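In what follows, a single structure is set out as structure tokens and then discussed.
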Ligand code: NAD
Ligand code: UDP
Ligand code: UDP
């Protein structure tokens, strides 16, 4: 049993991670400033003696005693991270410095939730960990992409300079229950639009691709990464390598939800990557991991979650 800090623990991925850590018998300290996360995501855990929820912004120092740190704090969807871009960069950079300082004082193992966005709009397909990426340093997505890149730099410099036990995972598009209904992400947008009978908004020609990983698969990979041997730092890609065009996704969601929504085209956002697919050979080899949940099955769970949310009157 370990005491484990999860920053961003009231968010989409963080709350599922808290569930799994508690189920495995660990003590969990969930730290979140509730910018995009919500108490509702961890409401079922409140009151448990092995779970503590703390409102805190990771851009400020944090003095607690833990054995492992999962650093997930950071808004993840373009609408949220572009809302206050300076705060987004601060969260990635100052947040990493503070969590690394904490890990250094405690000699604690620390895992960074990095992102496929470090590859930018890639010329290499699928993306392998050795690829350095093609990122615009001054665009609308840069606060997120460059913030996460700098966080990786800090993790590796703390590792080299202070012998810190670091783990870095690069997460590709992930979906599932507890996604935000209004975060503008393609999976939540399409499901919410289909459930409301609104038009499905396909950006650009809809032939751009993404690979979608179900949250349970993703959390399993993060847990396995935290348990790898000391000295294995990553970065490791985690995501689902099965690639879909946005048109295919729209049609699948429409088929699963039913209803009368039409597909309409909207302009493609700036710097929108054309293609994204993880090469997960390293994760297969080092973590013995590969995704298990097919898109159709994961979408059914996610659709059921949004139906419940709307039936309860939330975010309608
Ligand atoms: P999310 O927005 O649901 O969760 C992020 C959490 O961090 C929220 O609870 C938010 O309130 C909290 N937070 C934000 N700024 C904070 C701050 N300054 N101090 C403390 N807490 C703060 O997003 P998510 O999808 O769960 O993403 C979790 C992590 O995984 C993020 O670091 C994100 O960059 C990374 N990631 C996610 C995806 C994905 O597809 N969901 C893909 C790549 C990387
Ligand atoms: N820090 C923290 N909690 C700790 C230890 C450090 O939040 O338990 C913060 C501290 O505020 C500092 C940052 O982590 O700004 C980096 O710490 P480090 O020891 O690497 O740097 P220094 O304190 O020497 O600047
Ligand atoms: N997208 C879309 N309609 C929407 C929302 C997104 O066609 O309502 C497209 C978007 O342009 C992008 C893809 O879906 O090509 C994935 O977008 P998302 O914001 O979910 O993730 P990211 O671009 O960060 O991978």
>> Looking at the structure I just gave you, is residue 145 touching a helix residue (DSSP H, G or I) at 6+ places or on another chain (Cβ under 9 Å) and under 20 Å from residue 15 (Cα atoms)?
In response: no
> Looking only at segment 205-227, which residues are in contact (Cβ under 8 Å) with a residue 60 or more places away in the chain, over 24 Å from residue 125 (Cβ atoms) and out of contact with any strand residue (DSSP E or B) (no Cβ under 7 Å at 6 or more places or on another chain)?
Replying inline: 216, 219, 220, 223, 224
> Quick one: in segment 94-116, which of the residues that are in contact with a strand residue (DSSP E or B) (Cβ under 8 Å, 6 or more places away or on another chain) and part of a helix (DSSP H, G or I) is farthest from ligand 2 (Cβ to nearest atom)?
Replying inline: 116
> Given the residues 60, 35, which is the only one that is assigned to a loop (DSSP other than H, G, I, E, B) and within 20 Å of the chain's Cα centre (by Cα)?
Replying inline: 35
> Looking at segment 134-155, which of its residues are crowded, with 18+ Cβ neighbours inside 10 Å and assigned to a helix (DSSP H, G or I)?
Replying inline: 142, 143, 144, 145, 146, 147, 148, 149, 151, 152, 154, 155
> Here are 158, 131: which of them is within 16 Å of ligand 2 (Cβ to nearest atom), without any contact (Cβ under 8 Å) to a residue 60 or more places away in the chain and buried (at least 16 other Cβ atoms within 10 Å of the Cβ)?
Replying inline: 158
> Is at least one residue of segment 69-81 in contact with a strand residue (DSSP E or B) (Cβ under 7 Å, 6 or more places away or on another chain) and more than 11 Å from ligand 1 (Cβ to nearest atom)?
Replying inline: yes
> Any idea how many residues of segment 72-89 are out of contact with any helix residue (DSSP H, G or I) (no Cβ under 8 Å at 6 or more places or on another chain) and closer than 15 Å to residue 146 by Cβ?
Replying inline: 1
> Does residue 233 count as more than 9 Å from ligand 3 (Cβ to nearest atom) and either under 30 Å from residue 105 (Cα atoms) or touching a helix residue (DSSP H, G or I) at 6+ places or on another chain (Cβ under 6 Å) (or both)?
Replying inline: yes
>> If I ask for residues that are more than 13 Å from the chain's Cα centre (by Cα) and at pLDDT below 95, which ones from segment 67-79 would you list?
In response: 79
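The values are calculated or read from the model by the stated rules, or taken from the named source; none is laboratory data. These numbers were taken from a predicted model, which means no experiment stands behind them. Using ideal geometry, Cβ is built from the backbone for each residue, glycine included, and neighbour counts are taken over all protein chains shown.
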